[in-house]
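Structure first, then comments.
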Amino acid sequence: MFNDIGPLELVTLIVLAVLVFGPDKLPKVIQDVTRTIRKIREFSESAKHDIREELGPEFKDFEFEDLNPKTFIRKHLDNEDLGLKEIRNGFDLKKEMAEVTDAVHGRDTDTSSPSSSGSSGGRVDMTKKPETPGRDDRPPFDADAT
């Protein structure tokens with residue numbers, strides 16, 4: 001419950017409790033707090049038990065922790081039946097991004113096939129080549145500009 005409280009914070013809480021409640025009332029306050037926490041836990045466990053009974057035998061593996069979306073997703077994505085680890089391990093994002101970058105810049109990354117004479121091995125050349133207008137070609141007419 002208090003996994004993230006360090007020793008210095010714990011000592012600070014004890015000193016504050018002694019100052020606020022006083023040394024004579026502190027044991028009674030601690031007993032009251034522990035009793036209240038125990039009752040809350042018992043109430044929670046009985047509510048979970050009642051819900052499990054009402055759901056019936058088809059929900060015998062139901063865990064209330066699965067209602068947390070993070071836990072639910074983590075549990076189902078780590079399932080080995082889906083084969084997601086193989087997909088995740090087979091996907092190399094850096095390699096894919098390098099291929100896209102090379103395709104955009106017009107570089108040929110396929111060095112394994114030197115027999116491609118002039119062609120880029122099935123790749124599309126995505127670089128813009130400036131068109132040189134002919135001598136008699138007029139620039140396009142824009143009717144909206146006049």
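For segment 28-79, what does the alpha-carbon gyration tensor say about shape, rounded, prolate or oblate, given a ≥ b ≥ c as the root eigenvalues, a/c under 1.5 as rounded, and a/b over b/c as prolate?
Cα axes put segment 28-79 in the oblate bin.
Once the other residues with Cβ under 14 Å from the Cβ of GLU42 are scored (Lys, Arg +1; Asp, Glu -1), what is the net sum?
Result for the local shell: +3.
Using a/c under 1.5 as the rounded threshold, could you call segment 1-48 rounded, prolate or oblate? The axes a ≥ b ≥ c are square roots of the C-alpha gyration tensor eigenvalues, and prolate needs a/b larger than b/c, oblate otherwise.
oblate
No lab work stands behind these numbers, since they all come straight from the coordinates. Quantities reported herein were computed from a predicted structural model and do not represent experimental measurements. Glycine gets a Cβ as well: all are built from the backbone with ideal geometry, and neighbour counts include every protein chain shown.
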